[in-house]
1. For the stretch 1-52 and the stretch 131-161, compute the distance between their C-alpha centroids and round to whole Å.
2. In the stretch 1-81, carbon and sulfur make up what percent of the accessible area (probe 1.4 Å)?
3. Given only helices, namely DSSP H runs of n ≥ 4 each adding -39500 (n - 2.57), what is the per-residue ellipticity at 222 nm of the chain, to the nearest 500 deg cm²/dmol?
4. Nearest 0.05, what FRET efficiency do residue 158 and residue 22 give at R0 = 22 Å with Cβ-Cβ as r?
5. Compute the FRET efficiency between residue 100 and residue 41 as 1/(1 + (r/R0)^6), taking r as their Cβ-Cβ distance and R0 = 30 Å, and round to the nearest 0.05.
6. Quick check for you: with a 1.4 Å probe and neighbouring chains kept, what is the accessible area per residue of the stretch 7-83, in Å²?
7. Taking all protein chains as present, what is the carbon and sulfur share of the accessible area of the stretch 99-185, in % to the nearest whole number, probe 1.4 Å?
8. What are the membrane-span-like helices in the chain by this rule: whole DSSP H runs, Cα extent along the axis at least 20 Å, mean Kyte-Doolittle hydropathy at least -0.5?
Amino acid sequence: MRLTVITSNEGKMKEYAQALSVLGIEVVQCRIPYTEIQADTLEEVVLNGIEQLTAERDSFIIDDSGLFIKKLNGFPGVYSAYVMKTLGNEGILKLMDGVENREANFCCCIGCKLGGKEPFTVSAACPGVILRHPIGKGGFGFDPIFSHDGTRSFAEIDTTEKNSISHRGLAIAKLVEVLKGRREL
Ligand code: ITT
């Protein structure tokens, strides 16, 4: 099977390729720009994205992810892409300066549209903490400042290990289950 992932994010793409190639699924990146609407949930953003992209493609998946920091009332959450571009990891660490409770949830919502069938979404989250300094050279985005185990950042673990515990890895596993249930795999 071949799955087209519509994304501009190379880091995400590497994770899809690692998680799905072991199942014999070929993943192809496609960059078609679409508007991420302002909404309260990742799922709403994804469902709207699917609506926009259906005119362009028949079968595809998209992924909207966000970092939800407890003490910041879920910020940057659905605004994560904008905040990464404007404040970056240093900006997030400044906002967290002096904050003791550093709990955060990394969340991922995947939207899947296959041919004429009803689109569906799957979501997963990975609890963790915001580190006090960026650590590690791997990964992308918020990876250097997020840790699932309180010590190592996502930028210090390889793609296979990240996929085994991360928001995206868990959401991909759910996607695979749904596709198997529908006999698409
Ligand atoms: P798309 O083209 O797929 O939309 P994007 O980079 O805009 O790519 P999102 O809106 O889903 O993707 O991501 C929001 C931000 O969160 C963005 O800056 C990402 O780099 C970052 N991000 C998403 N998943 C991440 C992960 O697993 N680790 C670190 N940062 C992540």
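1. Comparing the Cα centres of the stretch 1-52 and the stretch 131-161, I get a distance of 22 Å.
2. Numbers: 2020 of 4210 Å².
Its accessible area is 48 percent carbon and sulfur atoms.
3. Details: 6 runs with 61 residues, N = 185.
Counting only the DSSP helices, I get -9500 deg cm²/dmol.
4. 0.95
5. Details: r = 28 Å, r/R0 = 0.93.
The formula returns an efficiency of 0.60 here.
6. Details: 4100 Å² over 77 residues.
For the stretch 7-83, the per-residue accessible area is 53 Å².
7. Values: 2130 of 3950 Å².
Reported share for carbon and sulfur atoms: 54 percent.
8. On the way: long enough: 167-181 (21 Å, 0.54).
Counting only whole DSSP H runs, the qualifying helices are 167-181.
The values are calculated or read from the model by the stated rules, or taken from the named source; none is laboratory data. Fair warning: this is a prediction, and the values are worked out from it, not measured in the lab. Neighbour counts are summed over all protein chains in view; Cβ atoms, including those assigned to glycine, are modelled from backbone coordinates with ideal geometry. Note: accessible area is taken over every heavy atom of the protein model, side chains too, but ligands, DNA and RNA are not part of it. Shrake-Rupley method; radii C 1.70, N 1.55, O 1.52, S 1.80 Å.
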